[in-house]
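Colleague: Input: one structure, supplied below.
Readers should treat all values here as calculations from the given coordinates under stated rules, not as data from a laboratory. If you're wondering where the values come from, they're calculated on a predicted model, not measured in any experiment. Every residue, glycine among them, receives a Cβ derived from its backbone with ideal geometry; neighbour counts consider all protein chains shown.
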Amino acid sequence: MKKEKDSAESNQYITPQSSAYSKTMNIMMSAGFVLLAFIVFLPILLVVVISVSSEASVREVGYSLFPRGFSLDAYRYLFRSGNYLLRSFVNSVFITVAGNILGLMLMCPLAYALSQKEYKFRKPILLFLMIPMLFSGGLVSSYMVNTQVFHLKNTYLALILPGLCSTWYIMILRNYFQTTIPGSLIEAAQLDGCGHFQIFTMIVLPIAKPVVMTVSVFQIFAYWSSWYPSLLYLDSNHTELYPLQYVLVNMDRSIQTLIRDAQYMSGMDVYTPPAVMVRMVMVVIVILPVMILLPFFYKFLKTGMTVGAIKE
Amino acid sequence: MNKTEKKNKIKHTGKKNRDLTLMSLPAIIWYICFCYIPMFGIFFAFKRFTPKPGESLFTNLFVNSPWAGLDNFSFLLRSSDMPGIMFNTLTYNLLFIILGIVIPVFLAVFLTELHSEKLKGTIQMVMVLPYFLSWVIVGYLLYAFLATDEGMMNHFLTVFGKDAIQWYQSPKYWRFLLIVTEVWKSSGYAMIIYLCSITSIDRTLYESAVLDGATFLQRVRYITLPHLRPTICTIFILRIGSILNSDFGLFFQVPLDSGSLQSVTQTLDVYVYKALMQQANFSFSAAASFLQSIVGFILLMITNSIIRHIDEESSLI
């Protein structure tokens, strides 16, 4: 029995014995991959270093991984610059959270219905979800419909609604519901007189937490990074709706607003760091949450990729 | 089973179906609003759109706008920018498809064999990070290297006694830069997809191959790659289906919309955006979108059926 378990484990993990690499080869390949990972990380590291470099250092050696001096002036400046930055940060968080929760509320029940083999409309709905993957009306018409039929221009809804559902996420959820939740459990619950709503909320959702997390992770990162809807649907009279990403797109204009805000707050000319430094600080503010969350989210990402690969 | 029991059962399944339909309904309404209603928009491509203010979109499109036949398409395809745009879109996409498969598979094959699980995990995490950054952020990361006065590249160039380069005014470097940026951003994520697939291979296959005297490369050739084939084919088919689409952010935001780089950064998606938002040329924009959709769909179907003939398990549909 124990032996069986051992061999099952060795199927999953590569041990020094089962690996194709000898000890020296392993050290060389590890070093190679560490170097590669460092090169991949380099641009991000560079921006972080720039954001804490002193202005004098940037003038002297440009953007460098080894600045001549450090300073947090740009950070201090941004945090003193009043509501504008805070507001856009809150906007980003709000859009991310709202989009994620609403998306799950739409997708999970549908995925559950599709996971029920005896459901009459299962096949037609699957087809209905597949068609938009192959064919879309294009940018012009979704822009026209969203602005003229749903009147989403210059609203938060424009940034939230169009990204709520994705057939791919629904498939991940459905595959997981189908493969990990025993049909006998659902039948037993039905015999006890539970309806589908109860089964879904009381039994399925608690078991399916990992996959719900997976979809959340993808959606959270997607909404946090989204800027294209803002570019399409927000105009320059509605800066109070801008998420962080779009503030960065519009940086030249935004810097002016920041300076005006800062002067207004302090009532006089304050020290203004170079605009580019302020941008780099904002880039760091956007990247940091992703970097902090990624290690926690990572195992859910892998669940998603494994479950998503199952074919119908 | 007597009659009443049967009736009850039908009633019962009827109620079950009703509950499940109720659960599906919200998402279905979303799909109708944001996927199906906009599909009517293909008519924009065949109309000369002349909206009258104060009337609804559909009246404007179907009643107030005259049919234009294929005029929009012929104007679009005859415009002098089009050959360049098509060339850019197709060459970038073909390169991205090839590099987007070869590099991640290569990395995954060699990363799997590392002894330390911990190191493997950390390397994956670092390499997938760029995938989750937006193109806006990537644009700024690149700017830190390429800025004319303070950028890292120009600093190195001047230290070594060379002239600084106006990167954002020099189209000749940008084909290379855009390709490197795309590979940097997407390789890690694709690598993890292949890694997950490799982990599901039964290791005893490798062990018996070793006993038979197979070298590492032979094991890759005869065990790993055949196992990855369905995944590779699925990704290949999907990418071929979007061969006229391109990442708008990469070609618009990363070069900071620099006018002098247009010859190498203008792709069909950038054209669609500019025609819509800057020139308000709805018909051209819609015609271009329609081309993207229909050409992509046809190519997807063709590729899929070719792959199905070669290896049925690897096809998508």
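Colleague: Pick from A:Tyr84, A:Tyr223, A:Tyr63 the residue whose mean-square fluctuation is largest in a GNM of chain A, springs joining Cα atoms under 10 Å.
Modeller: So, out of A:Tyr84, A:Tyr223, A:Tyr63, the one fluctuating most is A:Tyr63.
Colleague: Also: Got a sec to turn the phi values of the range A:192-204 into Karplus ³J(HN,Hα) couplings, 6.51 cos²θ - 1.76 cosθ + 1.60 with θ = phi - 60°, whole Hz, x for Gly and Pro?
Modeller: So the Karplus estimates, Gly and Pro as x, are 6, x, 7, x, 5, 4, 5, 4, 4, 7, 8, 10, 5 Hz.
Colleague: How long are the semi-axes of the ellipsoid equivalent to the range B:45-130, from square roots of 5 times the Cα gyration tensor eigenvalues, in whole Å, largest first? Before the final figure, lay out each step's value.
Modeller: Details: eigenvalues 521, 80, 16 Å².
The equivalent ellipsoid of the range B:45-130 has semi-axes of 51, 20, 9 Å.
Colleague: Return the distance in nm (one decimal) between the two label points of a simple spin-label model at B:Phe75 and B:Ile310, each offset 7 Å from Cα along Cα→Cβ.
Modeller: 4.2 nm
Colleague: Based on the Cα atoms of the range A:80-308, what semi-axes does the equivalent ellipsoid have, where each is the square root of 5 times one gyration tensor eigenvalue, given in whole Å with the largest first? Before the final figure, lay out each step's value.
Modeller: Details: eigenvalues 351, 84, 41 Å².
Value: 42, 20, 14 Å, ordered largest first.
Colleague: Where in the range B:256-279 is the amide nitrogen less than 11 Å from a point lying 7 Å along the Cα-to-Cβ axis of B:Phe87?
Modeller: Backbone N within reach: B:263-264.
Colleague: Out of residues 5 or more away from B:Lys47 or on other chains, whose amide H comes under 5 Å of its own, with H placed 1.01 Å from N in the peptide plane?
Modeller: B:Ala68
Colleague: OK, next. Going by a ≥ b ≥ c, the root eigenvalues of the Cα gyration tensor, does the range B:224-304 fall in the rounded group (a/c under 1.5), the prolate group (a/b larger than b/c) or the oblate group?
Modeller: Working: a/c = 4.07, a/b = 1.74, b/c = 2.34.
The shape class here is oblate.
Colleague: Now a separate question. For the residue pair A:Ser184 and A:Leu86, what label-to-label distance in nm results when each label sits 7 Å from Cα along the Cα-to-beta-carbon direction?
Modeller: Between A:Ser184 and A:Leu86, the simple spin-label model gives 5.8 nm.
Colleague: Can you work out the Karplus-derived ³J(HN,Hα) for every residue in the range B:30-36? Use 6.51 cos²θ - 1.76 cosθ + 1.60 with θ = phi - 60°, whole Hz, and x for glycine or proline.
Modeller: Per-residue couplings from phi come out as 4, 4, 5, 5, 9, 10, 7 Hz.
Colleague: Taking 7 Å along the Cα-to-C-beta vector as the label spot, tell me the B:Arg48-A:Leu157 distance in nanometres, rounded to one decimal.
Modeller: If labels sit at B:Arg48 and A:Leu157, their model points lie 3.5 nm apart.
Colleague: Viscosity 1.002 mPa s, temperature 20 °C: give me the Stokes-Einstein translational D for the protein assembly as shown in µm²/s, with Rh taken as the Kirkwood radius over C-alpha pairs. Spell out each step's value before the answer.
Modeller: On the way: Rh = 27.4 Å.
Here the translational diffusion coefficient equals 78 µm²/s.
Colleague: Let me ask something else about it. Enumerate the amide H contacts of A:Ser53 below 5 Å, restricted to partners 5 or more residues apart or on another chain; note that Pro and chain-start residues carry no placed amide H.
Modeller: A:Ser71
Colleague: Under a GNM of chain B (C-alpha, springs under 10 Å), which listed residue has the highest mean-square fluctuation: B:Lys185, B:Lys16, B:Lys47?
Modeller: B:Lys16
Colleague: For the range B:114-125, just list the computed ³J(HN,Hα) in residue order, Karplus coefficients 6.51, -1.76 and 1.60, θ = phi - 60°, integers in Hz, with x standing in for Gly and Pro.
Modeller: With the stated coefficients, the range B:114-125 comes to 4, 6, 8, 4, 5, 4, 4, x, 5, 4, 4, 5 Hz.
Colleague: From a point 7 Å beyond the Cα of A:Thr201 in the direction of its Cβ, which residues of the range A:91-108 have a backbone N at a distance under 14 Å?
Modeller: A:105
Colleague: Now, a different point. Any idea which of B:Ile294, B:Phe106, B:Val180 is furthest toward the positive side of the dipole for chain B, if Lys and Arg beta-carbons carry +1 and Asp and Glu beta-carbons -1?
Modeller: The listed residue farthest towards the positive side: B:Ile294.
Colleague: Multiply the residue gap between B:Ile103 and B:Val180 by 0.36 nm, knock off their C-alpha separation, and tell me the result in nm, one decimal place. Could you put the intermediate results ahead of the total?
Modeller: Values: separation 77, 0.36 × 77 = 27.72 nm, distance 1.19 nm.
Computed gain between B:Ile103 and B:Val180 is 26.5 nm.
Colleague: Further question on the same structure: Round to the nearest 10 and give me the degree value, 0 to 90, for the angle of helix A:122-134's Cα axis relative to the longest principal axis of chain A.
Modeller: The two axes meet at around 30 degrees.
Colleague: Let me ask another. Under the rule a/c < 1.5 gives rounded, and otherwise a/b versus b/c splits prolate from oblate, where does chain B land using the Cα gyration tensor?
Modeller: oblate
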